[in-house]
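Peer 1: Below are the structure tokens for one structure; questions will follow.
Bear in mind these aren't lab numbers, they're just calculated from the coordinates by the rules spelled out. Note that the structure is a prediction, hence the values are computed from the model and not measured. Cβ placement follows ideal geometry from the backbone for every residue including glycine, while neighbour counts extend to all protein chains displayed.
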Amino acid sequence: MLAWYTDDVTDTSGVAGNYSTVVCDADAPFAHAGSCPLFGQERFCPCISTADASPACLSTECAGDVSNVGALAGCRSYGSGMIGNCYCAQMLDDLATGAVAFADVQADITGMCAEFYGQYATGQVLSYLAILAITLVNMLTRRLIPYMAKHEYHDSRDEEQSAVMLKTCVSMFCNLALIALFAYMRAPGLHR
């Protein structure tokens with residue numbers, strides 16, 4: 001866990017608020033959800049983590065009775081690790097814009113945010129690899145289909161060119177449209 005506030009009242013870069021480590025204890029005798037912020041809460045846990053703890057956090061729209069989360073408009077639950085992931089994502093944005101120096105956040109990057117950045121980097125690499133793969137397959141298709149069409153039996157050159165055009169069109173459509181459709185579809189039970 002990482003403290004994400006400052007005791008220095010002259011430092012305005014930290015998150016402002018009333019923090020107490022007592023609030024972090026989910027077994028404390030008052031109403032709260034550990035590191036999860038609650039609607040109307042006045043004291044907050046000063047620590048964050050990228051690991052999910054039990055119970056799940058509820059969005060601020062969940063004011064009042066939260067026994068039936070789905071019935072409240074806008075009320076959603078999320079893992080408590082999402083707070084830490086948001087911190088890591090904001091840190092990445094701050095590094096990119098120059099709002100913070102790498103040396104100031106290096107411990108967080110190699111510490112609690114290491115898994116987040118590993119997953120983020122993997123996602124970025126896979127997205128560029130997909131672009132590269134589609135491009136290479138399209139280039140191969142443009143060369144391979146005319147070669148194959150020359151070895152097929154066609155009555156005329158027009159028939160051969162029609163076969164090349166049709167096969168190239170269908171192949172590129174499948175490569176571009178259907179692969180993207182399968183990659184980004186949301187089928188029940190496949191996504192968390």
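Peer 1: Once the Cβ-Cβ distance between Asp93 and Ala130 is put in as r, and R0 is 25 Å, what FRET efficiency do you end up with, to the nearest 0.05? Don't skip to the end; give the middle numbers.
Peer 2: On the way: r = 24 Å, r/R0 = 0.95.
Rounded to the nearest 0.05, the efficiency is 0.55.
Peer 1: At 7 Å along the Cα-to-beta-carbon direction for both Gln106 and Tyr78, put a label point, then send me their distance in nm to one decimal.
Peer 2: Going by the 7 Å Cα→Cβ label model, 3.1 nm.
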